[in-house]
């Protein structure tokens, strides 16, 4: 469902919950959290955001333009420990900077996937959330030619096409 914000309604939200409960998968596309908060007046924006985020556990995130959405996704990625190195720099008599031999290493935390990574993904790069640890992927279009033949609905059993009369 592209541009999901235009489909938001009470029946839409109820169907999301029912779909997840039955093991069905729904693909929704939206630009940012703000899209979901901009909902009809009879719905609570935070409830809509929560329903979509909780019922759509697998998220494929391309470059985000909204810093608030990027921050939320970074928090969602979890934290990891990293080493932070501190060096001491002083100026000598000629006012040039000299790095001392001493250094300190401290442990600190950062997000596994930080805001800058999400805000600066390349065109075909994305981050997958909801399938183990968040990880980066690259997508590419499948080249096709437009034709009425490509729009036919067909049923398959294994690699065999099932004819319509056999489905009835």
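The values are calculated or read from the model by the stated rules, or taken from the named source; none is laboratory data. Computed from a prediction, not measured in an experiment: that's the story for all the values here. Here the Cβ positions follow ideal geometry from the backbone for every residue, glycine too, while neighbour counts run over all protein chains shown.
Can you find, within segment 5-35, the residue that is surrounded by the most Cβ atoms within 10 Å (Cβ to Cβ) among those that are in a helix (DSSP H, G or I) and within 15 Å of the chain's Cα centre (by Cα)? It would help to see each step written out before you state the result.
Taking segment 5-35 first, the residues in a helix (DSSP H, G or I) are 5-7, 10-21, 33-35.
Next, from what is left, pick out any that are within 15 Å of the chain's Cα centre (by Cα): 33-35.
Numbers: 33: 18, 34: 14, 35: 20.
The extreme case among them is 35.
Looking for something assigned to a strand (DSSP E or B) and at pLDDT 95 or above - is there at least one such residue anywhere in segment 152-167?
Restricting attention to segment 152-167, the residues satisfying the condition of being assigned to a strand (DSSP E or B) are 155-157, 160-162.
Okay, now just the ones that are also at pLDDT 95 or above, so none.
The answer is no, given that none of the residues of segment 152-167 is assigned to a strand (DSSP E or B) and at pLDDT 95 or above.
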**Request:** Among residues belonging to segment 36-49 that are assigned to a helix (DSSP H, G or I) and within 14 Å of residue 14 (Cβ to Cβ), point out the one that is farthest from the chain's Cα centre (by Cα).
**Result:** 47
**Request:** Enumerate the pairs (first residue in segment 72-98 and at positive phi and outside any loop (DSSP other than H, G, I, E, B); second residue anywhere and surrounded by fewer than 10 Cβ atoms within 10 Å (Cβ to Cβ) and at pLDDT below 90) with beta-carbon separation below 7 Å, excluding pairs fewer than 6 apart on the same chain, so at least 6 apart or on different chains.
**Result:** none
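One line per residue, one yes/no per condition, for (1) modelled with pLDDT under 85; (2) out of contact with any helix residue (DSSP H, G or I) (no Cβ under 9 Å at 6 or more places or on another chain); (3) surrounded by 10 or more Cβ atoms within 10 Å (Cβ to Cβ); (4) within 23 Å of residue 126 (Cα to Cα):
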{"position": "38", "(1), (2), (3), (4)": "no, no, yes, no"}
{"position": "42", "(1), (2), (3), (4)": "no, no, no, no"}
{"position": "59", "(1), (2), (3), (4)": "no, no, yes, yes"}
{"position": "69", "(1), (2), (3), (4)": "no, no, yes, yes"}
{"position": "84", "(1), (2), (3), (4)": "no, yes, yes, no"}
{"position": "101", "(1), (2), (3), (4)": "yes, yes, no, no"}
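Evaluate segment 50-59: report whether one residue or more is in contact with a strand residue (DSSP E or B) (Cβ under 6 Å, 6 or more places away or on another chain) and in contact (Cβ under 8 Å) with a residue 60 or more places away in the chain. If you could, list the steps in order and put the result at the bottom.
Filtering segment 50-59 down to residues in contact with a strand residue (DSSP E or B) (Cβ under 6 Å, 6 or more places away or on another chain) leaves 59.
Cutting the leftovers down to in contact (Cβ under 8 Å) with a residue 60 or more places away in the chain gives us 59.
Yes, segment 50-59 contains a residue that is in contact with a strand residue (DSSP E or B) (Cβ under 6 Å, 6 or more places away or on another chain) and in contact (Cβ under 8 Å) with a residue 60 or more places away in the chain.
Do the conditions hold for residue 73, that is, is it surrounded by 13 or more Cβ atoms within 10 Å (Cβ to Cβ), closer than 21 Å to residue 26 by Cβ and touching a helix residue (DSSP H, G or I) at 6+ places or on another chain (Cβ under 8 Å)?
Numbers: surrounded by 13 or more Cβ atoms within 10 Å (Cβ to Cβ): yes; closer than 21 Å to residue 26 by Cβ: yes; touching a helix residue (DSSP H, G or I) at 6+ places or on another chain (Cβ under 8 Å): yes.
In short, yes.
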**Complete:** Taking segment 112-124 and keeping residues modelled with pLDDT of 95 or more and either in a strand (DSSP E or B) or in contact with a strand residue (DSSP E or B) (Cβ under 6 Å, 6 or more places away or on another chain) (or both) leaves 112, 113
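Please count how many residues of segment 121-168 are more than 26 Å from residue 57 (Cβ to Cβ) and free of Cβ contacts under 8 Å to residues at least 12 places away in the same chain. Quick ask: steps written out before the conclusion?
The initial filter retains those residues of segment 121-168 that are more than 26 Å from residue 57 (Cβ to Cβ), namely 143-168.
In the following step, the residues that additionally are free of Cβ contacts under 8 Å to residues at least 12 places away in the same chain were identified as 143-154, 156-166, 168.
Of the residues in segment 121-168, 24 are more than 26 Å from residue 57 (Cβ to Cβ) and free of Cβ contacts under 8 Å to residues at least 12 places away in the same chain.
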**Message:** For segment 139-168, give me each residue that is closer than 30 Å to residue 111 by Cα and surrounded by 10 or more Cβ atoms within 10 Å (Cβ to Cβ).
**Reply:** 139
